[in-house]
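The values are calculated or read from the model by the stated rules, or taken from the named source; none is laboratory data. Computed from a prediction, not measured in an experiment: that's the story for all the values here. Here the Cβ positions follow ideal geometry from the backbone for every residue, glycine too, while neighbour counts run over all protein chains shown.
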Amino acid sequence: MPEPYPGAAGKTHAELAALEAGITDQLDAGAAADPEYWAAVLRRLGLHKAKARLRELHARLLERHLGRVVLAGDGVDVGAAMGWDAEHEARAPAAMPPVPLMWSWRFQVALRAGG
C-alpha cells in the first residue's frame with residue numbers, strides 16, 4: 001500500500017494524529033492547495049495511525065516479555081540445558097562442507113537445458 005503522505009513513514013501514532021489534525025484544519029479553513037489530494041490522505045491516515053498504534057503496542061509487549069525472559073534466564077547454562085557439552089563442540093566441524101555438485105546452480109542450469 002502506498003504511503004498516504006511521504007512524511008508519514010516511520011511516524012508514531014501521536015505524530016500521525018497531529019498530522020491528521022493539521023490536515024483537517026487546512027481543509028476546514030479552505031487553505032489546502034489540493035483539497036482532493038489531502039482528503040485522500042486523510043482517508044488513509046486512519047489506517048496508518050492504527051498500524052502505528054499496533055507497532056508501538058507490540059514493541060512495549062515484546063520489551064516486557066524479553067525482560068521477563070532475561071530475568072528468568074539468569075544463571076542458566078544454555079549449553080547444558082540444550083544437551084550440548086564441550087566434547088560436542090570439539091567434534092563439530094569448523095566450516096560447512098561444500099555444496100554437492102547436484103545442487104549447484106551450474107548443475108541446475110545444465111539440467112534445465114537438457115544437458
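Things to note:
- Checking each residue in segment 40-60 for being under 15 Å from the mean Cα position of the chain (by Cα) and more than 14 Å from GLU15 (Cα to Cα) picks out LEU54, LEU57, HIS58, ALA59, ARG60.
- The helices (runs of 4 or more DSSP H) found wholly in segment 1-113 and carrying at least 1 residues that are at pLDDT below 65 and among the acidic types (Asp, Glu) occupy 86-91.
- Near pairs, Cβ below 6 angstrom, 6+ apart or cross-chain, from segment 52-81 (farther than 30 Å from LEU16 by Cα) to any residue that is modelled with pLDDT of 70 or more and surrounded by 10 or more Cβ atoms within 10 Å (Cβ to Cβ): none
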